[in-house]
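The values are calculated or read from the model by the stated rules, or taken from the named source; none is laboratory data. All values reported here derive from a predicted model rather than from experimental measurement. Here the Cβ positions follow ideal geometry from the backbone for every residue, glycine too, while neighbour counts run over all protein chains shown.
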Amino acid sequence: MTDNLFKLMAEPEPVKMNWQETAVVIVDMQNAFVSKGGMFDLRGIDISRCQEIVPRISRIIEMSHHRNVPVYYICHVLSEDLREVSPSSSFWFKSVRFYRENPQYADCFLIRGTWGADIIDDLSPLKNDIVVEKPRFSAFYGTNFDLQLRSKNIKNLIFTGCATNICVEASIRDAANLNYFPILVSDACANNGPPFMQDATIFNVKLCLGWVTTTADLLSAPQN
């Protein structure tokens, strides 16, 4: 693999990698978070930033398919009876409170098999793309994502999606703890809340969790 190494332009310094050990991770680009009429929109959360990153993620996916880089779609999905969420957990009062108090909006939430849980049409997975369902913020918690990556000898994880400061960062933290090299594509991720939340995650990643790149730098990287 050493013959296939190249340097991806990133901060705080370029990162050595090769495509054979790399995967693209798309976090929570689901109707509930991104689309008009989805859970976030109904709660009055600004979804414009999530919508703005769709074209960039689409280009990254196209590049990945061209270079035979596996694409993993991470989706926050729950059962209709919320069996994955205990009333003794903070998630009962935070993540699923909207659904518990507004059951009429079940189709707009994250219930398996509903429109809300579906990946948005503009980023629909292709046949060989892989969808991983998660019950919590991190892509690794309560999933077999780590096992899937190790079976393919994946080392580098390129992260896109939403929300930068919640599910993306939670996944990056676990990836770093599991000895992967997390790479955040800063302009292909969207935060929830004020702009400084995006800046905070970027700072955390550059400081101690991994590397930060841009869509342009990723797309212009050598093909090996």
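List of remarks:
- Filtering the range 132-142 to residues that are over 12 Å from Val27 (Cβ atoms) and either without any contact (Cβ under 8 Å) to a residue 40 or more places away in the chain or assigned to a strand (DSSP E or B) (or both) leaves Glu133, Tyr141.
- Scope the range 92-128; condition of a type in the set (Phe, Trp, Tyr) and either in a loop (DSSP other than H, G, I, E, B) or within 19 Å of the chain's Cα centre (by Cα) (or both); matching residues: Phe109, Trp115
- For the range 83-101, residues that are crowded, with 19+ Cβ neighbours inside 10 Å and either touching a helix residue (DSSP H, G or I) at 6+ places or on another chain (Cβ under 9 Å) or acidic (Asp, Glu) (or both) total 2.
- Test: residue in the range 176-188 that is under 29 Å from Gly44 (Cβ atoms), in contact (Cβ under 8 Å) with a residue 24 or more places away in the chain, among the aromatic types (Phe, Trp, Tyr) and not in a helix (DSSP H, G or I): no
- Enumeration of residues in the range 1-19 that are modelled with pLDDT of 95 or more and assigned to a helix (DSSP H, G or I): Trp19
To keep it simple, each residue is scored yes or no on (1) surrounded by 23 or more Cβ atoms within 10 Å (Cβ to Cβ); (2) among the hydrophobic types (A, V, I, L, M, F, W, C).
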| position | (1), (2) |
| --- | --- |
| Val168 | yes, yes |
| Ser171 | yes, no |
| Ile183 | yes, yes |
| Gly193 | no, no |
| Met197 | no, yes |
| Ala200 | no, yes |
| Leu219 | no, yes |
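- Scanning the range 57-92 for residues that are modelled with pLDDT of 95 or more and aromatic (Phe, Trp, Tyr), we see that the one that is nearest to Lys134 (Cα to Cα) is Tyr73.
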